[in-house]
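Input: a single structure, listed below in structure tokens.
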Amino acid sequence: MASLRCFLRSGKNAVSAVLRREFHRTSPAAVQVTVRDALNQAMDEELERDERVFLLGEEVAQYDGAYKISRGLWKKYGDKRIIDTPITEVRMMINLSKNHLRMFLIAGLRPICEFMTFNFSMQAIDQVINSAAKTYYMSAGLQPVPIVFRGPNGASAGVAAQHSQCFAAWYSHCPGLKVVSPWSAEDAKGLLKSAIRDDNPVVFLENELMYGVPFEMSEEAQSKDFIIPIGKAKIERQGNHVTLVSHSRMVSLCLDAAAVLAKEGIECEVINMRTIRPLDAEAIETSIMKTNHLITVEGGWPQFGVGAEILGRIMEGPAFNYLDAPAVRVTGVDIPMPYAKILEDNSIPQIKDIIFSVKKTLNV
Amino acid sequence: MYIGLLQIYFIVPWLASCFRQSGARVVVSARTYADFTPQATFDIKKCDLHKLEEGPPLQAMLSREEGLQYYRTMQTMRRMELKADQLYKQKIIRGFCHLYDGQEACAVGIEAGINLSDHLITAYRAHAYTLTRGGTVREIMAELTGRRGGIAKGKGGSMHMYTKNFYGGNGIVGAQVPLGAGVALACKYLGKNELCVCLYGDGAANQGQIFETYNMASLWKLPCIFICENNKYGMGTSVERAAASTDYYKRGDFIPGLRVDGMDILCVREATKFAAEHCRSGKGPILMELQTYRYHGHSMSDPGVSYRTREEIQEVRSKSDPISMLKDRMLSNNMASVEELKEIDVEVRKEIEDAAQFATTDPEPPLDDLCNHIFYNNPPMEVRGTNPWTKLKSVS
């Protein structure tokens, strides 16, 4: 029996949700690992495995990371592999020139670039899109860009408008990028390792409120070669009545809503997207063919968002004919994030919003 | 003289306590104003100059009134920040909270060198500037606690406070500098002899957009005073580890610069006056580096001792504290009495307590306000809520 506890830093009461999944049994060697530690492990293992991998960012070295994700790494690997940068997001440029130097050699450097939050990535977004994403295409296959951009994305708790934006839709819009959004500790570890090993630019969207949340990590996941393929979603909870598709922290809310709805006899199938681009439309379609109802749940804004893309794809694909009701998006409110707690709480989806949407969709 | 002492230590405090009970304000000092030095001249540190023939004067005049006002304002800032620290630890303030204690001389000195009709923009360590630019302690604290009486109605928080001619409060490092130059452009365009003070930190000083701003401000001779508040650390990174050149006052290259002792309010004021004169005379931008120090860590989530020693912090506190420095100057020149300053302390404490009381009891913003203030001068519109069935109202 897997058990999950979600602690939300905004001061909400801790909600315990016990999942009734059968396909994952607690093995004696499973341990509780926080998302933070999982990310740390992933980077540690990849730094050890490949000398070309290095980490750079603000406060990642001597400060142990602004959110302590890189704790201990500088002590272990030193100045060469873990680099503190000044507050200049355009350090991207430096990374990329390192790659360019190696154009014809087999070995090229593989940077992990930490943004203190993705809000600051806007300072460097030109480099991410125009230098990282498009280069392999523009060079017709000559110049790959094996770089990982990672950091916390989306709303936190009380950090107001300039620090709470979700960039999943912005980055996923661009061909040439892979965009990953993990939820659990296993997701974090497996996907970060995959991202680092991937020879393409990967935008790795973490979530600050998930860093401290512990998840059970199977023995398999604890191994140094555990990777999760990019581009494959995971069904976190089986159900028959409605498909809830989500990513990152909102997966927790979907599971909580599902637990509440189960008491009323409504069984939700919860899909954890894991990757935003490339989108695992097939997994969503297969699920809709079973449940006939779709609701997407995200923290970002509605217009041109992740949910909008999913709904568009479903409309255009085979699963449309299986829908018994219009597919629906649950999203953040279409406003800049306010500071006051009561306003902030009402600016992002809550469990009650998901439950409300499910019932409206199922017409119950 | 002995009678005087008698008055001070026995009779006057007794008198004062009588009056205080009735709530009336009391001038505790037994001596009349005529006994105090009305004005004194102080030597101040010479500023290092870059591309300037001469700098601010080496002496500053301080009147008793000015001194008391500066003291009161700095003390208010100090106590306000410490109260914010307390409220943050009680989780009544959430999110980010960047405190300014230690740097008071900068905010007060700058304001003393310009007018309220001038403009100012800074980064996120902005509570003190919100105060000098016309905000009240009540409004500031209520904004920190996210209440409807907050200066931004609870919607902005610590980093997003605004007043007339004060453009925040900006969360993205360095982004306020181009904005400040833009305000300076508007000043020049409108021809009202106003200028813009544009602040940033030693961490932000390495941002590319700042150098772009230097270029344009200089090219177009914008009335912009760039001020780098160098508190030696950009979050956890010391200046030596972040900057190839730590002479921040020189980094404007073609922009003249001065390096100022940011712990001495008179030094800051004189330098600001000098810089303002430079801008207003049409000579273009000028850069000031204020050497200052913050006692707290970068923000409330940073203890501030993993990258610097407690001894260092203690040393600055004991040798260079801006409030102590002003106090010593005034007392040793007979410009104020100990009791008078203590009285100010008491009043300040009361003001902060009142403000904190307001900030913790004022109700949160109403939910109706959630979607307002998206657009200016716009007809009312509908905003999508968290699901397609929820349509919320938005007015300008």
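Of the GluC sites (Glu not before Pro) in the range B:335-395, which ones lie in a loop per DSSP and count no more than 14 other C-beta atoms within 10 Å?
Sparse-neighbourhood loop GluC sites (Glu not before Pro): none present.
Rounded to the nearest 5, what % of DSSP beta bridges with both residues in the range A:33-222 are antiparallel?
Bridges in the range A:33-222 that DSSP calls antiparallel: roughly 10 percent.
Of all beta bridges DSSP finds with both residues in the range A:234-362, what is the antiparallel percent, to the nearest 5?
Numbers: 3 of 15 bridges.
The answer is about 20 percent antiparallel.
For the range B:90-152 and the range B:353-381, compute the distance between their C-alpha centroids and round to whole Å.
18 Å
Report the Cα centroid-to-centroid distance between the range A:268-318 and the range B:221-267 in angstrom, as an integer.
50 Å
Which of B:Lys232, B:Lys192, B:Lys250 moves the most in a Gaussian network model of chain B with Cα springs under 10 Å?
B:Lys192
Treat every Asp and Glu Cβ in the protein assembly as shown as -1 and every Lys and Arg Cβ as +1, leave all other atoms uncharged, and give the resulting dipole magnitude about the Cα centre to the nearest 20 debye.
Numbers: 87 positive and 88 negative charges, 92 e Å.
Dipole size: approximately 440 debye.
Please name whichever of B:Gly109, B:Val183, A:Ile335 sits farthest to the positive end of the charge dipole of the protein assembly as shown, dipole taken about the Cα centre and charges placed at Cβ: Lys and Arg +1, Asp and Glu -1.
Value computed over the given set: A:Ile335.
How crowded by other chains is A:81-87, given as the mean number of beta carbons from other chains within 10 Å of each beta carbon? Intermediate values should be presented prior to the final figure.
On the way: counts 0, 0, 0, 4, 4, 13, 13.
Counting other chains' Cβ atoms within 10 Å and averaging over A:81-87 gives 5.
How big is the convex hull of the Cα atoms of the protein assembly as shown, per residue, in Å³?
So the per-residue Cα hull volume is 191 Å³.
Any idea what the relative contact order of the range A:234-362 is, in percent, if you count C-alpha pairs under 8 Å spaced at least 6 apart?
27 percent
What is the Rg over Rh value, at two decimals, for the range B:39-365, using alpha-carbon atoms and the Kirkwood definition of Rh?
Here the Rg-to-Rh quotient is 0.95.
Quick check on the protein assembly as shown: helices-only [θ] at 222 nm, where DSSP H runs of length 4 and up contribute -39,500 (n - 2.57) each and the sum goes over total residues. Nearest 500, please.
-10500 deg cm²/dmol
In which sequence would A:Lys189, A:Lys360, B:Lys188 go, from the one with the fewest C-beta neighbours within 10 Å to the one with the most? Each step should come with its number before you reach the end.
On the way: A:Lys189 28, A:Lys360 15, B:Lys188 20.
Fewest to most other Cβ atoms nearby, the residues stand as A:Lys360, B:Lys188, A:Lys189.
Round to the nearest 0.05 the FRET efficiency obtained for A:Lys359 and A:Phe304 when R0 = 22 Å and r is the Cβ-Cβ distance.
Here the calculated transfer efficiency is 0.25.
What aspartates and glutamates sit close enough to A:Lys75 to cross-link, taking a C-alpha to C-alpha distance under 17 Å and skipping anything fewer than 8 places away on the same chain?
A:Asp37, A:Asp44, A:Glu45, A:Glu46, A:Glu48, A:Glu51, A:Glu58, A:Glu59, A:Asp64, A:Asp84
Here is the link list: A:Lys360/B:Lys91; A:Lys359/B:Lys91; B:Lys46/B:Lys273; B:Lys51/B:Lys273. Which ones come out longer than 26 Å on Cα distance?
Over 26 Å Cα-Cα: A:Lys360/B:Lys91; A:Lys359/B:Lys91.
Just want the ordering: A:Val213, B:Val338, from fewest to most Cβ atoms lying within 10 Å of their own Cβ.
Lowest to highest Cβ neighbour count: B:Val338, A:Val213.
Taking a cut-off of 20 Å between Cα atoms, list the lysines near A:Lys193, but don't count ones fewer than 8 places away on the same chain.
A:Lys68, A:Lys76, A:Lys178, A:Lys224, A:Lys232, A:Lys234
Magnitude of the Cβ-charge dipole of chain A, K/R +1 and D/E -1, about the Cα centre, nearest 20 debye?
The dipole of chain A has a size of about 200 debye.
Give the average, rounded to an integer, of partner chain Cβ atoms located within 10 angstrom of each Cβ in B:379-390.
Numbers: counts 0, 0, 0, 1, 4, 9, 11, 19, 14, 8, 5, 5.
That works out to 6 on average.
Of the beta bridges DSSP finds with both residues in the protein assembly as shown, what % are antiparallel, to the nearest 5?
Once the DSSP bridges in the protein assembly as shown are tallied, antiparallel ones form about 35 percent.
Pick out which of B:Gly262, B:Gly95, B:Gly156 has the largest mean-square fluctuation in a Gaussian network model of chain B, springs linking Cα atoms closer than 10 Å.
Highest fluctuation of the listed residues: B:Gly95.
Give me the tail of P(r) for the range A:33-222 as a percent: Cα-Cα pairs with distance above 30 Å.
On the way: 2339 of 17955 pairs.
Of the Cα pairs, 13 percent sit more than 30 Å apart.
Based on the mean of other Cβ atoms within 10 Å per residue, sort peptides A:253-266, A:134-147, B:173-186 so the most packed one is first.
Ranking the peptides A:253-266, A:134-147, B:173-186 by packing returns B:173-186, A:253-266, A:134-147.
Relative contact order for chain B using alpha-carbon pairs under 8 Å, separation at least 6, rounded to a whole percent?
Once normalised by length, the contact order is 20 percent.
Which of A:Ser184, B:Ser301 comes first, and how do the rest follow, when ranked by fewest Cβ neighbours within 10 Å?
Going from sparsest to densest Cβ surroundings: B:Ser301, A:Ser184.
Convert each backbone phi in the range A:29-41 into a coupling constant with the Karplus relation 6.51 cos²θ - 1.76 cosθ + 1.60 (shift: θ = phi - 60°), then list the ³J(HN,Hα) values in order as whole Hz, x for Gly and Pro.
8, 6, 10, 8, 10, 7, 4, 4, 5, 5, 5, 4, 4
What residue among B:Leu219, B:Leu62, B:Leu290 shows peak mean-square fluctuation when chain B is described by a Gaussian network model with Cα springs under 10 Å?
B:Leu219
Whole-Hz Karplus ³J(HN,Hα) for the range A:158-166, in order, using 6.51 cos²θ - 1.76 cosθ + 1.60 and θ = phi - 60°, x for Gly and Pro?
Coupling constants for the range A:158-166: x, 9, 6, 4, 7, 10, 10, 7, 9 Hz.
Of the options A:Gly141, A:Ile196, A:Leu323, report the single residue whose Cα projects farthest towards the positive end of the charge dipole of the protein assembly as shown (beta-carbon charges: Lys, Arg +1; Asp, Glu -1).
A:Leu323
Please turn the phi angles of the range B:60-76 into ³J(HN,Hα) values with the Karplus equation 6.51 cos²θ - 1.76 cosθ + 1.60 (θ = phi - 60°), one per residue in order, whole Hz, x for glycine and proline.
Whole-Hz 3J(HN,Hα) from phi for the range B:60-76: 10, 9, 10, 8, 4, 4, 4, x, 5, 5, 4, 4, 4, 5, 5, 5, 4.
Report relative contact order for the range A:33-222 in percent, whole number only (criteria: Cα-Cα under 8 Å, sequence separation at least 6).
Value for the range A:33-222: 26 percent.
Read-outs: derived from the displayed coordinates by stated rules, not from any lab. Note that the structure is predicted; figures quoted are calculated from it, not measured. For neighbour counting, all protein chains shown are included, and Cβ atoms are generated from backbone atoms with ideal geometry for every residue, glycine included.
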